[in-house]
Ligand SMILES: Cc1ncc(COP(=O)(O)O)c(C=O)c1O
């Protein structure tokens, strides 16, 4: 079976939602399979039919995930999160909602950099909190934080939501930028929730720094949320973590969100996550090499079309493309879907001012990317 036929034969939403004529470049899944260690961990469960209440490392599976997270962060960044301050839970959007509910009251403000991964926006709105938009600025060289506007808006906020590396721009924030965000949070007594799920997909030339490592003062007010789902391509397995940067912050959270509300993890997600973090490095490195080659290919494509606005992502496999100059009707997303049979993610989902943008997922075999780009070329020139 050819690659594309195989992708279409699976029950994966990326390849099934839009029908057989379309090549999907939307939802953030990679078309690359998984690390051998992840597959082996799942296979063991299947072979042993071991689907009962689980014991891992002499205790609850959640505890094993907390220890695995701590070991992995130490290996990657020299950061050793206290496992007692780690709360595993099924998914990151749940972590966003739980922290918003815990640290803010209805109608209070949550600051968020735009453009933003759509569930950040919908979660803030669904919780009845006020979204305080902090649009990033395209300075011609890349997407930058608008710290002056953040400073001006911070007095009406209670929580600062950060996504680093940033989805959809692919920015990896520098130590200076993270310190500046932290400084605003300290000055205005904001809790920081930092989503670092794309961190391990950072390309050479940039370096990811966990927010909790910027300074102890910043760490004390930071909830780090992350998972293995993006880097290791296991989004369907539902396993994530929250880490609270101080016991005080954790106590505040627990008083508002009882443990039972967060549920328990599926053992498949637990074993896959632990295997990915412990033994997935080699697979990840080779996957990142592949992504980097695709990033280069896409960069060449865009460089030949100066009318497309684009800054090369410093991390992850999402390209944020500004198609304003093309005047595509009725919208770039709709035009590409109808005319090129390519489905991206529509820019307006990332904030109302981004209707002329699309987000293109380039985590696919190079032959498929080639087909995506040639279809786009045929449609737009
Ligand atoms: C920045 C960011 N946060 C959270 C998520 C959601 O991750 P999950 O569905 O694994 O919880 C995604 C998914 O693409 C994401 O890009």
Taking only Cα atoms and a 10 Å spring cutoff, compute GNM fluctuations for the chain and point out the largest among 12, 341, 233.
12
Cβ-Cβ FRET estimate between residue 300 and residue 148, R0 fixed at 35 Å, reported to 0.05:
0.45
At a Förster radius of 25 Å, what calculated FRET efficiency corresponds to the Cβ-Cβ distance of residue 186 and residue 206, to the nearest 0.05?
0.50
Specify the residue with the greatest mean-square fluctuation among 34, 176, 111, computed from a Gaussian network of the chain linking alpha-carbon atoms under 10 Å apart.
176
Starting from the 7 Å offset along Cα-to-Cβ, what nm value, one decimal, do you get for the label separation of residue 40 and residue 174?
4.2
Rounded, prolate or oblate, given the Cα gyration tensor of region 73-220, with a/c below 1.5 counting as rounded?
rounded
Calculated [θ] (222 nm, deg cm²/dmol) that DSSP helices of n ≥ 4 give over the chain, each run adding -39,500 (n - 2.57)
-12000 deg cm²/dmol
How high is the relative contact order of the chain, in percent, with contacts defined as C-alpha pairs under 8 Å that are six or more residues apart?
22
Can you give me the Cα centroid spacing of region 59-115 and region 243-302 in angstrom?
10
PRE zone check, label point 7 Å out along Cα-to-Cβ of residue 286, amide N under 11 Å, scope region 13-50, hits 34-37
So how much slack lies between residue 138 and residue 371, counting 0.36 nm per residue of separation and subtracting their Cα-Cα distance, in nm?
80.9 nm
Nearest-0.05 FRET efficiency for residue 256 and residue 352 at R0 = 25 Å, using Cβ-Cβ distance, is 0.25
Does region 296-366 come out rounded, prolate or oblate by the C-alpha gyration tensor, with a ≥ b ≥ c the root eigenvalues, rounded set by a/c under 1.5 and, if not, prolate when a/b is larger than b/c and oblate if not?
rounded
In a Gaussian network model of the chain with springs linking alpha carbons closer than 10 Å, the residue among 299, 260, 347 that fluctuates most is 260
So what is the relative contact order of region 70-154, in percent, for Cα pairs below 8 Å that sit 6 or more residues apart?
21
Roughly how many nanometres apart are two label points built 7 Å out from the Cα toward the Cβ at residue 246 and residue 27?
4.0
Of all DSSP beta bridges in the chain, what percent run antiparallel (nearest 5)?
50
Rounded to the nearest Å, the spacing of the alpha-carbon centers of region 124-194 and region 10-24 is 34
Full extension between residue 49 and residue 122 adds, at 0.36 nm per residue less the Cα distance, a length in nm of 22.4 nm
Global form of the chain, assessed from the alpha-carbon gyration tensor, a/c cut-off 1.5:
oblate
Between residue 264 and residue 75, what length in nm is gained on full extension when 0.36 nm per residue of separation is reduced by their alpha carbon distance?
65.4 nm
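Just so you know, all these numbers are worked out from the coordinates, no wet-lab data involved. All figures in this text were calculated on a predicted structure; none of them were measured in a lab. Reconstructed Cβ throughout: ideal geometry from the backbone, glycine too, with neighbour counts over all protein chains shown.
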